[in-house]
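These notes concern the structure reproduced below.
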Amino acid sequence: MLEKLVIPKNTKFDERSIVLEGDALIGANSRLGYGIIARKVIVGDRTEIKGDILGKEEVRLGAWCTVKGDVISKGDAYIGEFTSIEGRLTVYGDLEIGRNVKIKNGFEARGLITIQDPMPIVMFIFLYILAMLRLGKYEEIEELFEPEEFLSPLEIPENSEVDLDYIKTRKDVLIDGSRVLGNLRCRDAKILESELYGSVRGRNVIVEGSRVHGIIEGRDVYLVRGSVVLGKITADNVYMEEGCVVEGSIVGRKGVWIKPHVELPEEILNDDATTDQE
């Protein structure tokens, strides 16, 4: 399960697509107002993509997904059952496709085409594990369930929304070394060496070496390493390093501190944080 929305380094948001150097992991029940261009594109069940998908190595779409554009995989592709593609599906490698998939403009696959029935696969895995247990081959079973490794992935948790207007999630957000469009609504946020064209509303907000074109609202707001905010800040506490710039007003209901150096709290955006947004 994806526990944080992560926009990795060198991610580019344009009018139609999110362009990545690494992989894209999209959680279930999410909505993207963009297409995706990435090395691997993996999409959870019941997710809507309002654009084209290009996977340079692989594309995997879960069940009941909707893609309002073309899907192109330069490698293999897996399309879950009841998925709808409103453009054309092009696969340069093998295609594994579920039942009742709708493809409006047809498809082309240069490799092997397999129509997948999920139940026999589940039974096969179950019988395989039983056989390995009887033979005492526990290492083989562990290898079967080893987590897959991904390259600098874009991570969008389940039930999130990312489009030109808003980036909404119930989880924490990390934006690292990227240019991002959209008003950010989240739990805790850290914007690191990035440029955000939009406002930020969260619980605790850290802006580090970044530029924000919009207002910031939160409980505790930290501006460090020459950050620039082209808007106002409203928070309970505002901690700001000398050399940072805020072009609007600063409202700190409990106080505003401007120091040569501001210590950032380690607990913000910690991986084991489990508290909900207030």
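A short reminder: the numbers here are calculations on the coordinates, not readings from a lab. Keep in mind the model is a prediction, meaning the values are calculated, not measured. Here Cβ is always computed from backbone atoms with ideal geometry, including for glycine, and neighbour counts include all displayed protein chains.
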The chain: antiparallel DSSP beta bridges as a percent of all, rounded to 5: 5
Placed amide H near Arg170: partners under 5 Å, 5+ positions off or other chain: none
Other-chain or far-sequence residues with amide H under 5 Å of Ile250's (modelled H): Ile233
The stretch 165-259: C-alpha pair distances exceeding 21 Å, %: 17
Within the chain: Cβ-based charge dipole about Cα centre, in debye rounded to nearest 20 (Lys, Arg +1; Asp, Glu -1): 980
Between 0 and 90°, nearest 10: helix 118-135 axis offset from the chain longest Cα axis: 90
Antiparallel bridge percentage (DSSP; both residues within the stretch 4-115; nearest 5): 5
Phi to ³J(HN,Hα) by Karplus 6.51 cos²θ - 1.76 cosθ + 1.60 over the stretch 153-168, Hz, x for Gly, Pro: x, 6, 10, 10, x, 4, 6, 9, 9, 9, 8, 5, 8, 9, 10, 10
Of every Cα-Cα pair in the stretch 141-221, the percent that sits beyond 14 Å: 64
Structure-based [θ]222 nm, the chain - -39500 (n - 2.57) summed over DSSP H runs of at least 4, per residue, nearest 500: -3000 deg cm²/dmol
Ranked list, fewest to most other Cβ atoms within 10 Å of each Cβ, for Ile215, Ile18: Ile215, Ile18
Calculated from backbone phi, Karplus (6.51, -1.76, 1.60) coupling profile of the stretch 172-186 in Hz, x at Gly/Pro: 6, 10, 10, 10, 10, x, 9, 10, 10, 10, x, 7, 8, 10, 7
Estimated D of the stretch 4-115 in µm² per second, where Rh is the Kirkwood radius over Cα pairs and Stokes-Einstein applies at 10 °C, 1.306 mPa s: 117
Enclosed volume per residue, in Å³, of the convex hull spanned by Cα atoms of the stretch 49-104: 53
Sorted by Cβ density within 10 Å, fewest first, the residues Lys74, Lys40: Lys74, Lys40
Amide H within-cut-off set for Thr11, under 5 Å, with H built and near neighbours excluded: Arg179
Dimensionless Rg ratio for the chain, taking C-alpha atoms and the 2.2 N^0.38 Å reference: 1.17
Spatially proximal lysines relative to Lys9 (Cα-Cα < 24 Å; intrachain offsets below 8 disregarded): Lys40, Lys50, Lys56, Lys74, Lys168, Lys171, Lys190
Likely footprinting exposure, Ser73, Ser199, fewest C-beta neighbours within 10 Å first: Ser199, Ser73
Hz values of 3J(HN,Hα) by residue in the stretch 34-50 - Karplus curve (6.51, -1.76, 1.60), Gly and Pro given as x: 10, x, 10, 10, 7, 5, 10, 10, 10, 10, x, 4, 6, 9, 10, 10, 9
